[in-house]
Amino acid sequence: MKSVTKQKTNVIGAALFAAAMALPSSHSAFAEAAPERGIVSFKYLNYKDSQPDQDRVSVNAYSVTGMAPVAGKWSISTTYTNDSVSGASPEYNSHIVSGASKMKDHREAVDLGVTRYFSKGSITLGTSYSKENDYISRGYSAQESISTEDKNTTFTFGGSYTTDTINPTVNKDMFYDKRTLAGLIGITKILTKQDIVQLNIGYSKGKGYFNDPYKLFEQRPDNRDSKTLMTRWNHHFDGKDGTARISYRYYTDNWGIKAHTFGLEYVQPLPKEFTVTPLVRLYSQTAADFYLPDFPDPSADLPTYYSMDQRLSAFGAITIGIKIEKKIAKDWLVDAKLESYEQRAQWSISGGGDPGLAPFSARSIQLGVSRQF
């Protein structure tokens, strides 16, 4: 059995959302006007990963999102997510244990956000809750965006607090908790009619239970502090009416992991209300200070912290994908997105990858439909 929350955070998250910023909020960094129309959307995700001679994790997930304007100065939004995970996960490193622990889990999550719009910005308050059979997570967030008089520059400030409760199925009498406080400051600036740039700086401080209770050889620190720097540049090509989106994210934490993410997307409108968006993402990280590529000498004393979890090793990864959108009728939009992910130890740009780790692959298919009202 393997925790869905941990599995999605460490595997699916690395594969699909490596370039995305963490909490406090996914709300736009621009100071927006209050929406005039509401929207309802449905998304379905199918994810599967594998290693040589071993099928790993399979995920089926769907979400329903709704947003409605209120009184011309407010909006309220909510999302319900339901996912199921099944498959197998190595108990240690993929090259040490050929067998794997079986897992099957189900998660439900809901979040709610309320936004108040002003002439020069907005304030959003949010809360979230998710539950599975061994993990409960509660989150609270706030974000404010303020624009300058000419509306060319927007400053963003945000914060979040998350508390998690873990009750491993391997020992129902044990309960653990984890608390994370995060903050974000950012600036978005319109440089020209074709160029927009953004810089975000984030900080996260976590305290509590960071072990994986389903790993047999595991002792991690009870705190994890991280810093992130994210830059984005969007450039619009008037002649082709397309837009390039370039991003870079740097991550570092007190476990010794340093990670770089480079992202490139190109959004191209096509005839008959089609839009196509190819993308590529490059990722590389160093290993955690306490990552062990093999069992230590039994005659030697164990270090204070240790883990053979391959997600804490040094590796590099490449994601390629394509998204196609089609507007149908007046208020409907459908989309399909396909991504393929490949991970190798030797692709770490800083070196130090564990040569014994097997290659890791994943693919995801996402389908969506939305309607304005």
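Since every read-out is calculated from the coordinates, none of them should be taken as a lab result. Computed from a predicted structure; not experimentally measured. Methodologically, a virtual Cβ is constructed for each residue, glycine included, from the backbone with ideal geometry; neighbour enumeration extends over all protein chains shown.
Our coupling estimate for the range 233-247, obtained by passing each phi through the Karplus curve with A = 6.51, B = -1.76, C = 1.60 and θ = phi - 60°, is 9, 10, 10, 9, 9, 4, x, 9, 6, x, 9, 8, 10, 10, 9 Hz, Gly and Pro reported as x. Each residue of the range 195-201 was assigned a 3J(HN,Hα) from its phi angle through the Karplus curve 6.51 cos²θ - 1.76 cosθ + 1.60 (θ = phi - 60°); the sequence is 10, 10, 10, 8, 9, 10, 10 Hz, with glycine and proline shown as x. The shape of the range 4-372 comes out prolate: with a ≥ b ≥ c from the C-alpha gyration tensor, a/c is at least 1.5 and a/b beats b/c.
What is the Cα centroid distance between the range 112-191 and the range 194-256, reported in whole angstrom? First find each Cα centre; the distance between them is then 15 Å. When the helices of the chain are scored as -39500 (n - 2.57) per DSSP H run of n ≥ 4 and the total is divided over every residue, the value at 222 nm lands at -500 deg cm²/dmol. For the chain, modelled as a GNM whose springs connect Cα atoms under 10 angstrom apart, the maximal fluctuation among 345, 287, 68 occurs at 68.
Divided by 2.2 N^0.38 Å, where N counts the residues, the Cα radius of gyration of the range 88-232 comes to 1.40. When peptides 127-135, 321-329 are ranked by their average number of other Cβ atoms within 10 Å per residue, the highest-first order is 127-135, 321-329. Charge dipole of the chain (Cα centre as origin; +1 on each Lys and Arg Cβ, -1 on each Asp and Glu Cβ, all else neutral): 1040 debye, rounded to the nearest 20.
The string of couplings for the range 132-140 from the Karplus curve (6.51, -1.76, 1.60, θ = phi - 60°) is 9, 5, 10, 8, 10, 10, 10, x, 9 Hz, one whole number per residue in order, with x for Gly and Pro.
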